[in-house]
Amino acid sequence: MRDRLLALTAGLLFPLAFAPYGWVFLLPVSIGLGFWTLQRAGSARDALLRGWLYGLGMFGFGVAWLHVSMHDYGFMPLWMAVPFTGIFAAVIALYYGLTFYLSWKLGRSALAFAGLWVVLDWVRGWLLTGFPWLYAGYALVDTPLARLAPLGGVWLLTLVAVLMGASVVMLLRRQRHAWLPAALTVALMTGALLMPDTPFTHASGPRQKVALVQGNIPQDIKWQMTMRSATREIYQDLTAPIPADTLVIWPESAMIEFYQDIHGFIDDQGKALADRGGALITGLPWRSDSDAGITYHNSIASIGKDGLRGVYHKQKLVPFGEYVPMQSLIRGLIPFFDLPMSGFTPGKPSQPNLRALGHTVAPFVCYEILYPDLVAERSHNADLLLTISNDAWFGHSAGPHQHFQMARLRARETGRWLLRDTNNGITAIINEKGQVTDRLPQFERGVLYGEYQPRRGQTPFMRFGIGPWLLLSAVLIGLGYALRPQVRSDI
């Protein structure tokens, strides 16, 4: 019972390494304590339970903010929202139960443990649309180890983090071949520290002025019919004084009406900016009519002198937030399943990037920026990254801060500047090293003025994605099994 409680406690420590807390030193501590409990498990079934408890602590605390959108804006009573969040955390925790279980079966080596952790994190990112949240590597974005991101993305950083915590435990337990994961960890960390911090990308033109508009419209009134004209006025008034030659960004669902219904207003805004040498990119819902019927999309549109220049439809939709799985069975059961924007259709992967002021913009709507391979693939011909979001769904919780931290690593992985515009924060400009150059305070209406540097070139992670790191993880799993240690039972 004591070790199981320790596993749960270790999982609770994990989110403290991430924003907004930033206690990065707790990352290897959390992983190491979890691995320690795995070493002491008496059976594979016991290891499964300990891993599940570890994951339950990780997500029970790490994504506790999910209940905010359910209760505050989804009209779900608190007595129902909290258990729903707990059930979700309990299901996601099964990935870590499986990691511990398979590690026990394969000999409880740090090598196999790290390899399995990365492989199952990858599976978690796509199975049943995926939940790519709180990968261990994100906590390292502000450390020297982030220099590894252009090589292997969040996957390599995660591998280093897990090896770091687990190899220390093997050394403390004086296990056979403990030197091997320790040596690999030291080699990767030393390589990161000695590697010149020169990007694989290069500046591809002069810096461009940009203005990111943060409307800060409260979520509880944003989708009311009475807010339609008021919303247009807010964004029009904030945009009017923006200087000439500026790329103007409006956030996700800045407009709550379909483009097809207000294209006159949107096109006029774009033309007014274009007449002053600028351009507009805005988030808004989109309606498509075809012989197959009507579909709705969560979209980003680029508007220039002649009106619409391009549109991107979000590919990775949030379950229940943007579409309802098995909607014929569950839609209407509770108000949360009928949220605004819960009937969208995903866009096609073949969509082109957007163009604005001579630059190619790789666009991502909210949740999409969390998919490292998607961002890497769409960045090949892009000069910069753009993500728009509406984190107002999560209020004053840790959710928006975690989301922002994860988005920053995409800039590091691709060697490109990232513009992030939100309804109520965190709106920011991030350079190619993942560093924040400018940002607006949360929950304030305003415009963030700044510049970005267009960049071209490809990082190794953009070229090869996760493939090499899945292969390395498989090798580590096999090697860990072949060199499985003899566990001392007296420690």
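The values are calculated or read from the model by the stated rules, or taken from the named source; none is laboratory data. The shown structure was predicted, so the numbers you read here are calculated from the model rather than taken from an experiment. As a convention, Cβ positions derive from the backbone with ideal geometry for all residues, glycine included, and neighbour counts pool all protein chains shown. Keep in mind that these areas ignore ligands, DNA and RNA; they rest on the heavy atoms of the full protein, side chains included. Shrake-Rupley method; radii C 1.70, N 1.55, O 1.52, S 1.80 Å.
Being over 21 Å from the mean Cα position of the chain (by Cα), at pLDDT below 95 and open to solvent by less than 70 Å² (accessible area, probe 1.4 Å): is that true of Leu483 here?
Answer is yes for this residue.
Could you figure out which of (1) of a type in the set (Val, Ile, Thr); (2) open to solvent by 20 Å² or more (accessible area, probe 1.4 Å); (3) within 26 Å of Leu66 (Cβ to Cβ) isn't true of Ile430?
Ile430 satisfies all of (1) of a type in the set (Val, Ile, Thr); (2) open to solvent by 20 Å² or more (accessible area, probe 1.4 Å); (3) within 26 Å of Leu66 (Cβ to Cβ) except (2).
Those residues that are among the hydroxyl-bearing types (Ser, Thr, Tyr), part of a loop (DSSP other than H, G, I, E, B) and at pLDDT below 95, I need them from segment 351-403; list them, please.
The answer is Ser397, and nothing else.
How many of the residues making up segment 76-104 are aromatic (Phe, Trp, Tyr) and under 18 Å from Arg124 (Cβ atoms)?
Residues in segment 76-104 being aromatic (Phe, Trp, Tyr) and under 18 Å from Arg124 (Cβ atoms): 5 in total.
I'm trying to understand the selection: among the residues of segment 185-198, which are free of Cβ contacts under 8 Å to residues at least 60 places away in the same chain and in contact with a helix residue (DSSP H, G or I) (Cβ under 8 Å, 6 or more places away or on another chain)?
Thr185, Leu188, Met189, Gly191, Ala192, Leu193, Met195
Check segment 391-412 and report whether any residue there is open to solvent by less than 10 Å² (accessible area, probe 1.4 Å), touching a residue at least 24 places away in the same chain (Cβ under 8 Å), over 27 Å from Leu16 (Cβ atoms) and in contact with a helix residue (DSSP H, G or I) (Cβ under 8 Å, 6 or more places away or on another chain).
No: segment 391-412 contains no residue that is open to solvent by less than 10 Å² (accessible area, probe 1.4 Å), touching a residue at least 24 places away in the same chain (Cβ under 8 Å), over 27 Å from Leu16 (Cβ atoms) and in contact with a helix residue (DSSP H, G or I) (Cβ under 8 Å, 6 or more places away or on another chain).
Where in segment 1-116 are the helices (runs of 4 or more DSSP H), entirely inside, with at least 3 residues that are modelled with pLDDT of 95 or more and crowded, with 20+ Cβ neighbours inside 10 Å?
The qualifying helices (runs of 4 or more DSSP H) are 2-13, 26-39, 44-62, 94-105.
Out of the residues in segment 457-467 that are assigned to a loop (DSSP other than H, G, I, E, B) and small (Gly, Ala, Ser), which is nearest to the chain's Cα centre (by Cα)?
Selected residue: Gly465.
Any idea how many residues of segment 439-456 are assigned to a strand (DSSP E or B) and either open to solvent by less than 60 Å² (accessible area, probe 1.4 Å) or touching a residue at least 24 places away in the same chain (Cβ under 8 Å) (or both)?
Qualifying residue count, segment 439-456: 9.
I want to confirm something. Restricting to segment 250-297 and keeping residues that are of a type in the set (S, T, N, Q) and at pLDDT 95 or above, which single residue is surrounded by the most Cβ atoms within 10 Å (Cβ to Cβ)?
So, considering only residues that are of a type in the set (S, T, N, Q) and at pLDDT 95 or above, the one surrounded by the most Cβ atoms within 10 Å (Cβ to Cβ) is Thr282.
Collect the residues in segment 199-249 that are open to solvent by 30 Å² or more (accessible area, probe 1.4 Å), in contact (Cβ under 8 Å) with a residue 40 or more places away in the chain and assigned to a helix (DSSP H, G or I), keeping them in residue-number order.
Once the filter is applied, which keeps residues that are open to solvent by 30 Å² or more (accessible area, probe 1.4 Å), in contact (Cβ under 8 Å) with a residue 40 or more places away in the chain and assigned to a helix (DSSP H, G or I), segment 199-249 yields Asp220, Leu238.
Looking at segment 135-144 only, could you name the residues that are of a type outside the set (Ser, Thr, Tyr) and surrounded by fewer than 22 Cβ atoms within 10 Å (Cβ to Cβ)?
Asp142, Pro144
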